[in-house]
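Novice: Just passing along the structure, written as structure tokens.
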Amino acid sequence: MEITYLGANCLRLTTKDIAVVIDPQSAGTAAAKLSADVTLLTQIWEAGNLPAKAGMVIDGAGEYEVKRAMITGVPARLHSDEPEAHLKSTVYSVLLDGVRVGVVGNIAELTDAAADSLGPIDVLIVPVGGNGLTLDAVEATKLVSKLEPRYVIPVHYADKGLSYPMPQDELELFLKEVGSHPEPVAKLRVTARDLPEEATVAVLQRG
């Protein structure tokens, strides 16, 4: 599997069988030309601005199977005061070629029950910008400890090339919190047989 980053919450997961795009609307024009077999949306209200070739659009809880990809969507709280019956965010577990990717969008928290529903995570995609829009560096680090992934990909942090509804923290705050300062790479290639033994932070350059 190959993982590339388009900015904000937008990433593309590709194997020889399938292309999965996550939150393309969050990256603005950078994602307009993307094509996908599956498009995952972590917030239902964002469903109106998609690439022309979005494939199957998934925007909520449930279990899905597309081209040998197994996808589980689990409800999550976008804002801390949301009632349990009307949660506005969805987190996902995406199983591709034996690697399980956890997709966390803009959430206020991830309960233990929701974490259990995702299953064991190999690659965790987690926003770290904070300021009431996403988890901040401290809360994102707690989530990493809870899920114990092999790879961690931080997203949705301050970026001069992107505009957010509110200012986001610098990536460096998260890297200091987890005690890791990796060199940014253009893409991350992951196989089930080559997963690291301990959590490894991967910083992806925005494409």
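The values are calculated or read from the model by the stated rules, or taken from the named source; none is laboratory data. Here the structure is a predicted model, which means the values were calculated and not measured. When we count neighbours, we look across all protein chains shown, and the Cβ atoms used for this are built from the backbone with ideal geometry, even at glycine. All accessible areas refer to the heavy atoms of the entire protein, side chains included, with ligands and DNA or RNA removed. Shrake-Rupley method; radii C 1.70, N 1.55, O 1.52, S 1.80 Å.
Novice: State all residues of segment 116-140 that are over 20 Å from Pro167 (Cβ atoms), open to solvent by 10 Å² or more (accessible area, probe 1.4 Å) and of a type outside the set (Asp, Glu); if no residue qualifies, say none.
Specialist: Correct list: Ser117, Gly119, Pro120.
Novice: Could you grab me the full set of residues in segment 164-175 that are at pLDDT 95 or above and among the hydrophobic types (A, V, I, L, M, F, W, C)?
Specialist: Leu171, Leu173, Phe174, Leu175
Novice: Please enumerate the residues belonging to segment 146-165 that are outside any helix (DSSP H, G or I) and open to solvent by 70 Å² or more (accessible area, probe 1.4 Å).
Specialist: Passing the criteria: Glu148, Arg150, Lys160, Ser163, Pro165.
Novice: For segment 87-115, how many residues meet the condition of being in a helix (DSSP H, G or I), touching a residue at least 24 places away in the same chain (Cβ under 8 Å) and either hydrophobic (A, V, I, L, M, F, W, C) or open to solvent by less than 10 Å² (accessible area, probe 1.4 Å) (or both)?
Specialist: Start the filter on segment 87-115 by keeping residues that are in a helix (DSSP H, G or I), which leaves 112-115.
Checking the rest, the ones that are also touching a residue at least 24 places away in the same chain (Cβ under 8 Å) come to 112, 114-115.
Going one step further and asking which of them are either hydrophobic (A, V, I, L, M, F, W, C) or open to solvent by less than 10 Å² (accessible area, probe 1.4 Å) (or both), we end up with 114-115.
Residues in segment 87-115 being in a helix (DSSP H, G or I), touching a residue at least 24 places away in the same chain (Cβ under 8 Å) and either hydrophobic (A, V, I, L, M, F, W, C) or open to solvent by less than 10 Å² (accessible area, probe 1.4 Å) (or both): 2 in total.
Novice: Looking only at residues that are outside any strand (DSSP E or B) and modelled with pLDDT of 80 or more in segment 34-52, which one is farthest from Ser93 (Cα to Cα)?
Specialist: Leu34
Novice: Ok, one more. Within segment 167-207, restricting attention to residues that are among the β-branched types (Val, Ile, Thr) and in contact (Cβ under 8 Å) with a residue 24 or more places away in the chain, which residue is farthest from Leu95 (Cα to Cα)?
Specialist: Val178
Novice: Hey, any hits in segment 176-184 for a residue that's open to solvent by 60 Å² or more (accessible area, probe 1.4 Å), at pLDDT 95 or above and within 21 Å of Ala31 (Cα to Cα)?
Specialist: Yes - at least one qualifying residue is present in segment 176-184.
Novice: Only one of Val104, Val94 is at pLDDT 90 or above, of a type outside the set (Lys, Arg) and over 24 Å from Ala137 (Cβ atoms). Can you tell me which?
Specialist: Val94
Novice: Taking the options Arg12, Arg68, name whichever one is open to solvent by 10 Å² or more (accessible area, probe 1.4 Å) and in contact with a Phe, Trp or Tyr (Cβ under 9 Å, 6 or more places away or on another chain).
Specialist: Arg12
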